Amino acid sequence: MSPRSAPRLRTLAVCASLLVAAALVGLTVGGVKLDWRALSAPGDAGETARLLASLRAPRVALAALVGASLALAGAALQALLKNPLADPFLIGTSGGAAAGAAVAVLCGASPLLSPGAAFAGALVSSVAVALLARRGGRLDLHRLLLSGLIANAFFSAVLLGIFTVGSGETARTMLFWMMGSLADATPGRVAVLLPYSVAGGAALLAFAGRLNLFAVGEENAAALGVDVEWAKRTVFLAAALLTGAAVAFAGVIGFVGLLVPHAVRAAAGNDQRTLLPASALAGGALLVAADALSRAALAPGELPIGAVTAAVGAPVFAWLLLRQP
Amino acid sequence: MSVPAIAASGLSAAYGTTRALDGLDTSVEAGRILVLLGENGSGKSTFLKLVARILEPTAGQLALEGRSLSELPRRETARRIAYVPQSVDLVFPIRCEDLVLQGRAPYGRAFSSDSPEDRRRARDAMAACDVAELSERDASALSGGEKRRVFLARALAQEASIWLLDEPTSGLDPRHRLQFLELLQRVHRERGTTVVFVTHDIDLASELADEVLLLSRGRALAQGPPAAALTPGLLEAAFGARFEARAGALRAVSTLPAGPQDRTPKL
């Protein structure tokens, strides 16, 4: 039995509530204990309000946008490739994005251009992996994962090379990209990320109905009136854009794009018109919560967020792989 | 003569460097049943996939009611042509009713929910194909025969005037085979559906077809009414086996060392 697709609005409401709850926790947790009463008291709300506005709120917003982008990209790729193991990290898109952004920084490009450079890197990686994984005109599951492994190894080498050549400051930045971190959140960075995420997200949501047909098969989509080449290009581009933007501001954070769509699919069915927006909300919630956990666990220090998601994600991925027929 | 529902001229297709169709000329009149026969790899399924716009021809023309297929909007052709594949490997769980509702995709908008009208048509189609009781079941866990009938229900919900069926009866038990054929003939009679049907079952071809198209190595070997196309000589050329009439039906009785014939005795 497969679960009947839960009503779309109810599913979205549950995921939105999770995001709001995670955001409240994220605003509260941290090295400095907040004085909430001071915030509501007239007069001297200054310190707490400043802390919230300049540090906590941008961090929560960044985590939410990055988590939403990665989960949405993962969900769309899984349907497009008819492959439940597709994920921007596993198939090498994130690695390409990190290398792209690192090259831009090494060349002295403005941080405003980082998302563009990361997008370009994500695109190069996506295309290379897709070409490697093609066999007899179709994308092969095992070849796709192997190709992602090759791409990840290659882009790690690029990052390590830049790491060695670069100055101390560059090296710190490289480390940030390789491990994933939300520590550099500022209102400005969130403002730059937002349009990229919205554009990529809107493009994917517009394809939700067609992705339902892809989830049964590419031939199925073609026979039911979808221009499959156009759909594949658009979805690949939009997923690369979302991944690139997320990596430019938070580094490589793995497994969000794998875990979140799986959890949402198990709970609410595989109708992409529900799954895509619900995954975006739940992905935002997961990363905000994981970030709060990483700050709370070692306060006043913090665990790298990429380490947290990988520690949870790798065993779940192994379990999914074992369940594959 | 009226404009044919489907007309192909010089139609060619290839998978990479492997040629699958090599200048095929054929046509089907509206409301007729055309059965495609030929050995494995002779281009039968490729022809269906070209008509369904799953593959693009490498050369030649394909016309739908006189209009070039490649110039028609894809959604419009999907409203007029339903394709039932030989088998589908389902990776994700999907309820049978949702699978049948996909037949309504060429009518809907990108992000809209399925309308009550779509749901009603899907339910009616499932009832007609005797799969109403499967509607909540996961299609990826069905038997081959059940899956086939669910896909047939989907073609019905699609309300297409042309059905392309790739070996629709293979793997069906006698009862469901008969049931499928009765359903097909009923739809064909009531709606005047044009049917293009791939099979290896020569008895079925002679029973069902208005016309038979014998394919060999991507070309038309012969096309005509069953009585004219299903002769021992032509079957021998198509399949590379000797045929004899036994108990009123043609049976392959021995294979020929040379395999199917390359060039053709035309009708």
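The values are calculated or read from the model by the stated rules, or taken from the named source; none is laboratory data. No experiment lies behind these values; they were computed from the predicted model shown. Don't worry about glycine lacking a Cβ; one is built from the backbone with ideal geometry, like all the others, and counts go over all protein chains shown.
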* Of all helices (runs of 4 or more DSSP H) completely enclosed by segment A:164-276, which ones contain at least 3 residues that are in contact (Cβ under 8 Å) with a residue 60 or more places away in the chain? -> A:168-179, A:187-206, A:208-216, A:228-250, A:256-268
* To do: State whether one or more residues within segment A:86-98 are within 14 Å of another protein chain (Cβ to nearest Cβ) and either of a type in the set (Gly, Ala, Ser) or under 20 Å from A:PHE207 (Cα atoms) (or both).
  => yes
* To do: Determine whether A:PHE119 is over 18 Å from the mean Cα position of the chain (by Cα) and either polar (S, T, N, Q) or on the phi < 0 side of the Ramachandran plot (or both).
  => no
* Given the residues A:ALA208, A:ALA215, A:ALA221, A:ALA267, which is the only one that is farther than 30 Å from A:THR173 by Cβ and more than 10 Å from chain B (Cβ to nearest Cβ)? -> A:ALA267
* Structure fact -> Scanning segment B:237-248 residue by residue, those over 23 Å from the mean Cα position of the chain (by Cα) and not basic (Lys, Arg) turn out to be B:GLY240, B:ALA241, B:PHE243, B:GLU244, B:ALA245, B:ALA247, B:GLY248
* Asked: Pick from segment A:227-264 the residues that are within 12 Å of chain B (Cβ to nearest Cβ) and touching a Lys or Arg at 6+ places or on another chain (Cβ under 8 Å): which of them is nearest to A:ARG8 (Cα to Cα)?
  -> A:ALA231
* Only one of B:ARG149, B:ARG120 is touching an Asp or Glu at 6+ places or on another chain (Cβ under 9 Å) and of a type in the set (D, E, K, R); which? -> B:ARG149
* **Residues (small (Gly, Ala, Ser), out of contact with any Ser or Thr (no Cβ under 8 Å at 6 or more places or on another chain) and within 17 Å of B:ARG175 (Cα to Cα)) located in segment B:130-146** => B:SER143, B:GLY145
* Filtered residue count, segment B:88-110, keeping only those that are more than 8 Å from every other protein chain (Cβ to nearest Cβ) and out of contact with any helix residue (DSSP H, G or I) (no Cβ under 7 Å at 6 or more places or on another chain) -> 0
* Asked: Out of segment B:66-89, which residues are out of contact with any strand residue (DSSP E or B) (no Cβ under 8 Å at 6 or more places or on another chain) and either among the charged types (D, E, K, R) or surrounded by fewer than 19 Cβ atoms within 10 Å (Cβ to Cβ) (or both)?
  -> B:ARG67, B:GLU71, B:PRO73, B:ARG74, B:ARG75, B:GLU76, B:ARG79, B:SER87, B:VAL88, B:ASP89
* To do: Would you mind finding the one in A:VAL127, A:VAL105 that is at pLDDT below 85, part of a helix (DSSP H, G or I), among the β-branched types (Val, Ile, Thr) and surrounded by fewer than 24 Cβ atoms within 10 Å (Cβ to Cβ)?
  => A:VAL105
* Asked: Looking at segment B:111-141, which of the residues that are assigned to a loop (DSSP other than H, G, I, E, B) and more than 11 Å from every other protein chain (Cβ to nearest Cβ) is modelled with the highest pLDDT?
  -> B:VAL131
* Structure fact -> Over segment B:60-79, the set of residues out of contact with any Ser or Thr (no Cβ under 8 Å at 6 or more places or on another chain) and within 13 Å of chain A (Cβ to nearest Cβ) is B:SER70, B:LEU72, B:PRO73, B:ARG74, B:ARG75, B:GLU76, B:THR77, B:ALA78, B:ARG79
* To do: Filter segment A:294-307 for residues that are surrounded by 21 or more Cβ atoms within 10 Å (Cβ to Cβ) and touching a helix residue (DSSP H, G or I) at 6+ places or on another chain (Cβ under 6 Å) and give the result.
  => A:SER294, A:ILE305, A:GLY306
* Every residue from segment A:158-198 that is farther than 16 Å from A:VAL103 by Cβ and among the small types (Gly, Ala, Ser) -> A:GLY168, A:GLY180, A:SER181, A:ALA183, A:ALA185, A:GLY188, A:ALA191, A:SER197
* Asked: Restricting attention to segment A:80-89, which residues are crowded, with 24+ Cβ neighbours inside 10 Å and within 16 Å of the chain's Cα centre (by Cα)?
  -> A:ALA86, A:ASP87, A:PRO88, A:PHE89
* Structure fact -> From the option list B:THR26, B:THR58, single residue qualifying as out of contact with any helix residue (DSSP H, G or I) (no Cβ under 9 Å at 6 or more places or on another chain), of a type in the set (Ser, Thr, Tyr) and either in contact (Cβ under 8 Å) with a residue 12 or more places away in the chain or crowded, with 16+ Cβ neighbours inside 10 Å (or both) is B:THR58
* Structure fact -> The lone condition B:ASP173 fails out of (1) free of Cβ contacts under 8 Å to residues at least 40 places away in the same chain; (2) buried (at least 21 other Cβ atoms within 10 Å of the Cβ) is (2)
